[in-house]
1. Count the DSSP beta bridges whose two residues both fall in the chain, then state the antiparallel fraction as a percent rounded to the nearest 5.
2. Taking the solvent-accessible surface of protein heavy atoms with a 1.4 Å probe, what is the per residue accessible area of the chain in Å²?
3. For Trp49, list long-range residues whose amide hydrogen, built 1.01 Å from N in the peptide plane, is under 5 Å from its own amide hydrogen.
4. So what's the back-of-envelope 222 nm ellipticity for the chain, counting only DSSP H runs of four-plus at -39500 (n - 2.57) apiece and dividing by all residues, rounded to 500?
5. Under a point spin-label approximation (7 Å from Cα along Cα-to-Cβ), what is the Lys88-Arg121 distance to one decimal in nm?
6. Pick from Ser89, Ser70, Ser21 the residue whose mean-square fluctuation is largest in a GNM of the chain, springs joining Cα atoms under 10 Å.
7. Looking only at trypsin sites (Lys or Arg not before Pro) in DSSP loops with at most 12 other Cβ atoms within 10 Å, what is the longest site-free stretch of the chain?
8. Considering only protein heavy atoms and a 1.4 Å probe, what is the carbon-and-sulfur percentage of the accessible area of the chain?
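The values are calculated or read from the model by the stated rules, or taken from the named source; none is laboratory data. In this text, all values refer to a predicted model and were calculated from it rather than measured experimentally. Please note: Cβ atoms are built from the backbone with ideal geometry, for glycine as well, and neighbour counts cover all protein chains shown. Protein only, heavy atoms only, side chains kept; ligands, DNA and RNA dropped before computing areas. Shrake-Rupley method; radii C 1.70, N 1.55, O 1.52, S 1.80 Å.
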Amino acid sequence: MPSSNSSSDFPSAPGLDPAISAALKRDDAGLVAAVVQQHDTGEVLMLGWMDDEALHRTLTTGRVTFWSRSRQEYWRKGDTSGHVQWVKSVALDCDGDALLVRVDQVGAACHTGTHTCFDGRELPVLAATDAAS
């Protein structure tokens with residue numbers, strides 16, 4: 001199981017508040033999961049990854065920036081597609097290992113062109129319908 005890395009394992013981005021950086025628990029690559037949610041409906045749109053610099057850019061520019069694990073570079077949502085995510089709020093979870101980024105999504109959130117990355121991807125759930133059963 002990968003270990004959660006503390007802020008001492010990764011240098012803070014020059015502009016990121018050191019208190020925020022210290023609160024982050026990163027994976028072995030120095031990344032934190034960022035769940036993106038539509039601010040007014042609560043709909044979960046996508047999951048991306050951020051390091052300190054991506055989080056700093058997100059907090060200071062009003063646009064969501066991620067770290068692309070496949071391309072090994074920063075990317076700002078909407079720069080090529082026009083499907084911009086305007087930041088409304090960012091929250092850190094209780095463990096410090098995930099971010100909730102509430103946005104106003106313009107256009108599709110998913111790179112496939114669907115509204116969310118979860119459209120049409122329902123899995124069958126076999127569970128009791130009554131908790132008392």
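1. Counting only bridges with both partners in the chain, antiparallel ones make up about 75 percent.
2. 60 Å²
3. Residues meeting the criterion, in which the H sits 1.01 Å from N, are Ala34, Trp67.
4. -3000 deg cm²/dmol
5. In this crude label model, Lys88 to Arg121 measures out at 2.2 nm.
6. Ser70
7. Here the longest run is 1-68.
8. 54 percent
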